[in-house]
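The values are calculated or read from the model by the stated rules, or taken from the named source; none is laboratory data. Computed from a predicted model, the values in this text were never measured in an experiment. Positions of Cβ are backbone-derived with ideal geometry, glycine not excepted, and every protein chain shown enters the neighbour counts.
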Amino acid sequence: MAWNWSQSELTKTANLVLNMLRRDVEETDANTGHLTMSNWEWPTGVALYGMWKTYVQTGDQTILEYMTDWYSHMLAKPAPHRNVNSVAPMLALTCMYDKARNPEWLPHIESWAEWVHTSMPRTEFGGLQHITIWNKHYQQLWADTLFMTVLFLLKAGQVLGRAEWVEDAKYQFLIHIKYLQDRRTGLWTHGWTFDMRHSFAGAYWARGNAWFTAAAAEMLDALPERDASWRYVDEALRDQVTGLWKLQRESGMFTTLLDVEETYEETAATAAIAFGVLKGVRRGFVSEVYEDMARKAAEAVLRKIAPDGTVMGVSGGTGMGHDLEHYKRIKQGPTAYGQGLAFLMLTEMLIWAERG
């Protein structure tokens, strides 16, 4: 089945989405919320990884120049607080180092990866505790951690030849699957606390699920050897995608609480799910049965992109909810990670468009 959009149309849309973020890094606007590249945090980390994927797919040198300038500027500043979320920008930097081998970047990559592997707080059984700048979240596993931190640890281990980092990253996928994926539905709850032994609100939060969908597709693609860990993650992804398929709305979107129909449709989650499933189908990790689901989701996201490239309908940063009302109250608006996840989706769509 051919796309409804041509390769040139998709490239134009990707550029519009990208241009919403290509601005002076010192520019701040209280009204933009997360729609800024002026800090070293997880929204910028997601956006930067989307930019890197866009550069790899399109070869647009202006993207690489922007990213190089951004890192030069930010790495010259005092080091940020180290936590799950502030690890996120290291993923794109490691991808860039893998290609350019800039020696100025190497000490930063080594230092951050070693901190994750040896010094980052751990939960019972060695999971990465979801520590943030505001809260240590004692003994808590969150779905977000896989995308924000674990993908970087995996990439750094591969690029720098550190097998112990790779194995740690694989283990993090396994322990998060064990405690966050529901056996009955295949869906993911937002988090788990070993301290209280429960999954908080038991919410099937869409973006939390999407963090796994996207991260699993990337992890499976990055590992050449289909060992037991690879197979376990692959089966978890297949199980989740089946659960997601059952809850996709007629519009193609997913609601912010996947199984609560009256909650609002959420664009960032839908984009990340579309990316992960499209890539999974293309690479053989996910059954071709779900290709139509992913196409429908991708097309729904494109309809949420304003003429100026703003990705609309993205829910704001979401802490752990102790009841479902918490997720219903999160406001929507443009965000850097919303733009970044749209990049990811568009890069995968471009690959499909090239295939015809």
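Structural remarks
- For the criterion of being touching a residue at least 60 places away in the same chain (Cβ under 8 Å) and either exposed (fewer than 15 other Cβ atoms within 10 Å of the Cβ) or not aliphatic (A, V, I, L, M) (or both), residue 94 passes.
- Number of positions in segment 223-249 that are outside any helix (DSSP H, G or I) and under 13 Å from residue 188 (Cβ atoms): 0
- Test: residue in segment 185-205 that is β-branched (Val, Ile, Thr), in a loop (DSSP other than H, G, I, E, B) and over 23 Å from residue 317 (Cβ atoms): yes
- Residue 252 being touching a residue at least 40 places away in the same chain (Cβ under 8 Å), surrounded by 18 or more Cβ atoms within 10 Å (Cβ to Cβ) and either in a loop (DSSP other than H, G, I, E, B) or of a type in the set (Ser, Thr, Tyr) (or both): yes
- Count of segment 261-289 residues which are among the aromatic types (Phe, Trp, Tyr) and within 27 Å of residue 335 (Cβ to Cβ): 2
- If you filter segment 206-229 down to residues that are over 21 Å from residue 49 (Cβ atoms) and modelled with pLDDT of 95 or more, you find that the one that is surrounded by the most Cβ atoms within 10 Å (Cβ to Cβ) is 229.
- Evaluating residue 201 against the criteria (1) in contact with a strand residue (DSSP E or B) (Cβ under 7 Å, 6 or more places away or on another chain); (2) among the aliphatic types (A, V, I, L, M); (3) farther than 20 Å from residue 272 by Cα leaves one unmet condition, (1).
- Restricting segment 145-178 to residues that are among the charged types (D, E, K, R) and surrounded by fewer than 17 Cβ atoms within 10 Å (Cβ to Cβ), the residue that is nearest to residue 208 (Cα to Cα) is 178.
- Residue within segment 295-307 that is within 30 Å of residue 198 (Cβ to Cβ), touching a strand residue (DSSP E or B) at 6+ places or on another chain (Cβ under 6 Å), surrounded by 19 or more Cβ atoms within 10 Å (Cβ to Cβ) and of a type in the set (A, V, I, L, M, F, W, C) present: no
- Residue within segment 73-82 that is at pLDDT 95 or above, over 18 Å from residue 42 (Cα atoms) and over 19 Å from the mean Cα position of the chain (by Cα) present: yes
- Only listed residue being surrounded by fewer than 21 Cβ atoms within 10 Å (Cβ to Cβ), among the aromatic types (Phe, Trp, Tyr) and within 22 Å of residue 315 (Cβ to Cβ), chosen from 264, 232: 264
- Within segment 320-330, the residues that satisfy the criterion of being assigned to a loop (DSSP other than H, G, I, E, B) and surrounded by fewer than 15 Cβ atoms within 10 Å (Cβ to Cβ) are 322, 323, 329.
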